[in-house]
Amino acid sequence: MTTLFTNARLIDPETYRDELGWLRIDNGRIDGKGTSRTKDSREEAVIIDCKGKCLAPGIVDIGVKVCEPGERHKESYKTAGQSAAAGGVTTIITRPDTLPALDTPEALEFVARRANLAAPVNVLPMAALTKGREGQEMTEIGFLMDAGAIAFTDCDHVVTNTKVFSRALTYARSVGALVIAHPQDPGLSAGAAATSGKFAALRGIPNVTPLAERMGLDRDIALLELTSAKYHADQITTARALPALERAKLNGFDITAGTSIHHLTLNELDVADYRTFFKIKPPLRSEEDRLAVIEAVKTGLIDTISSMHTPQDEESKRLPFEEAASGAVALETFLPAAMRLYHGEYLTLPELWRAMALNPANRLGLKSGRLSSGAPADLVIFDPDTPFVLDRFTLQSKSKNTPFDGQRMQGQVLATYVGGKPVYRRS
């Protein structure tokens, strides 16, 4: 079926354009676009008037935790998919930090089948880099790739054995696999719940120096020099780590980096009332770090923005701040949180969508994340201006641990399309 979206504010991350126009899709793919000054002469089966609202590529979100198997009470593929669709996320790249870890082809094939049956959006799984995410023995990377693994990561379990990590990077390079790592010195960061400084000291919260992130990144970059592997840092959150990242890119290493939407929109002062919904990993940083990371996204030094969606149940959050579990749900709040950066004039919409859709797709070798002809018709229609007060109990996710509960936000998803088919429409 051919569909024509008219009167749309097209957000194109490839050309950096933000202009009124039209977009045509046919058989689940984009078949052409133009500005409001050009007309499409073909007759369409369906015409959708976007009424001047934004039409952009669907978000490609690297690092989503879905708690199947093991903790289905926190999040299932069905609820995660529904939450993603309501948030304009059309592709979720899932983490292997489940119970048990996704470290065998059989486990990966099981969750891939579950995801395809239950979720209305695209689900692409990552697999563990080492068995059990224990950092002692690498997984069967080649077989896991055959089973559908799109990348390999031990998530926040840093592989401390450099010989094991270097061997895994070497093997990953030989088969063209992408390794995603968590830059952090685990010795310094063990038990930390905040970033070191005057604020954390006054609050009496166990803390970690920002240098722990730079130290972890420095080590990983040295191993990249040794192995020439494809590497992505999942979260760069401090100004101290940015010079090392820049040097690595200038030296020609195959390295990219991401950050989370929470580290771009919140800072360390938000934990003042010991609200555990603000406890994430790495911990929230200083305002100076937040602004430096935003600038790194703007210049392209940091390539991707992700939600780092991490569901936690009420019992694991209703604890003293030091003891509470880390993480926040973010699939449904990803886009409105990003609108804070747009309305604050930190980033334009094309710059945001470059980091939230185009760059993640490019890094993973996907054809989505763009509005060019032939790309999958994975799209989101949204209003960047609509104000609302977030009520966490209205979220589609099973878990409700969002730091944005009760906060005034702007930006609502009106419709989401995957392969040209509507998977969400705001009622």
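Quick one: in the range 140-159, which of the residues that are open to solvent by less than 40 Å² (accessible area, probe 1.4 Å) and not aliphatic (A, V, I, L, M) is farthest from R95 (Cα to Cα)?
The selected residue is G142.
Determine whether the range 362-377 contains at least one residue that is buried (at least 21 other Cβ atoms within 10 Å of the Cβ), part of a loop (DSSP other than H, G, I, E, B), in contact with a Pro (Cβ under 9 Å, 6 or more places away or on another chain) and among the charged types (D, E, K, R).
The answer is yes, given that some residue of the range 362-377 is buried (at least 21 other Cβ atoms within 10 Å of the Cβ), part of a loop (DSSP other than H, G, I, E, B), in contact with a Pro (Cβ under 9 Å, 6 or more places away or on another chain) and among the charged types (D, E, K, R).
Would you call A112 in contact (Cβ under 8 Å) with a residue 24 or more places away in the chain, open to solvent by 20 Å² or more (accessible area, probe 1.4 Å), assigned to a helix (DSSP H, G or I) and small (G, A, S)? First the steps, then the outcome.
Values: in contact (Cβ under 8 Å) with a residue 24 or more places away in the chain: yes; open to solvent by 20 Å² or more (accessible area, probe 1.4 Å): yes; assigned to a helix (DSSP H, G or I): yes; small (G, A, S): yes.
Criteria met by A112.
How many residues does the range 337-352 contain that are free of Cβ contacts under 8 Å to residues at least 40 places away in the same chain and open to solvent by less than 60 Å² (accessible area, probe 1.4 Å)? If you could, list the steps in order and put the result at the bottom.
Of the residues in the range 337-352, the ones free of Cβ contacts under 8 Å to residues at least 40 places away in the same chain are 344-345.
Then keep just the ones that are open to solvent by less than 60 Å² (accessible area, probe 1.4 Å); that gives 344.
Matching residues across the range 337-352 total 1.
Test of understanding: among R173, R133, R167, which residue is under 18 Å from R363 (Cα atoms) and among the basic types (K, R)? Don't jump to the end; show me each part of the working.
On the way: R133 fails: under 18 Å from R363 (Cα atoms); R167 fails: under 18 Å from R363 (Cα atoms).
It is R173.
Every residue in the range 67-109 that is open to solvent by 40 Å² or more (accessible area, probe 1.4 Å) and within 24 Å of R363 (Cα to Cα), please.
T104, E109
Can you name the residue in the range 115-133 that is assigned to a helix (DSSP H, G or I) and more than 16 Å from G70 (Cα to Cα) and, of all such residues, is least open to solvent (accessible area, probe 1.4 Å)?
A118
So L319 ticks every box in (1) within 17 Å of the chain's Cα centre (by Cα); (2) aliphatic (A, V, I, L, M); (3) open to solvent by 40 Å² or more (accessible area, probe 1.4 Å) but one. Which box is left unticked?
So L319 meets the others, but not (1).
List pairs: first in the range 382-403 and under 25 Å from K74 (Cβ atoms) and modelled with pLDDT of 95 or more, second of a type in the set (K, R) and open to solvent by less than 30 Å² (accessible area, probe 1.4 Å), Cβ under 7 Å, 6+ apart or cross-chain?
Once the first residue is under 25 Å from K74 (Cβ atoms) and modelled with pLDDT of 95 or more and sits in the range 382-403, its partners that are of a type in the set (K, R) and open to solvent by less than 30 Å² (accessible area, probe 1.4 Å) give K398/K74; S399/K74; K400/R392; N401/K317; T402/R392.
Taking into account only those residues within the range 297-312 that are in contact with a Ser or Thr (Cβ under 8 Å, 6 or more places away or on another chain) and either among the small types (G, A, S) or modelled with pLDDT under 95 (or both), which is surrounded by the fewest Cβ atoms within 10 Å (Cβ to Cβ)?
If we take residues in the range 297-312 being in contact with a Ser or Thr (Cβ under 8 Å, 6 or more places away or on another chain) and either among the small types (G, A, S) or modelled with pLDDT under 95 (or both), then S306 is surrounded by the fewest Cβ atoms within 10 Å (Cβ to Cβ).
Per-residue answers, yes or no, for (1) assigned to a strand (DSSP E or B); (2) among the aromatic types (F, W, Y):
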site	(1), (2)
F5	yes, yes
G21	yes, no
K33	yes, no
I62	yes, no
A84	no, no
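Give all pairs with beta carbons closer than 6 Å in which a residue from the range 267-288 that is closer than 20 Å to H309 by Cβ and modelled with pLDDT under 95 meets a residue that is of a type in the set (F, W, Y) and surrounded by 20 or more Cβ atoms within 10 Å (Cβ to Cβ); count only pairs at least 6 apart in sequence or on separate chains.
D270/F278; V271/F278
Would you tally the residues in the range 401-427 being open to solvent by 40 Å² or more (accessible area, probe 1.4 Å), of a type outside the set (S, T, Y) and over 15 Å from A337 (Cβ atoms)?
6
The values are calculated or read from the model by the stated rules, or taken from the named source; none is laboratory data. Just so we're clear, the structure is a prediction, and the values are computed from it rather than from any experiment. Cβ coordinates were reconstructed from backbone atoms using ideal geometry, including for glycine residues, and neighbour counts include every protein chain displayed. Quick note on the areas: whole protein, heavy atoms, side chains included, nothing else; ligands and nucleic acids left out. Shrake-Rupley method; radii C 1.70, N 1.55, O 1.52, S 1.80 Å.
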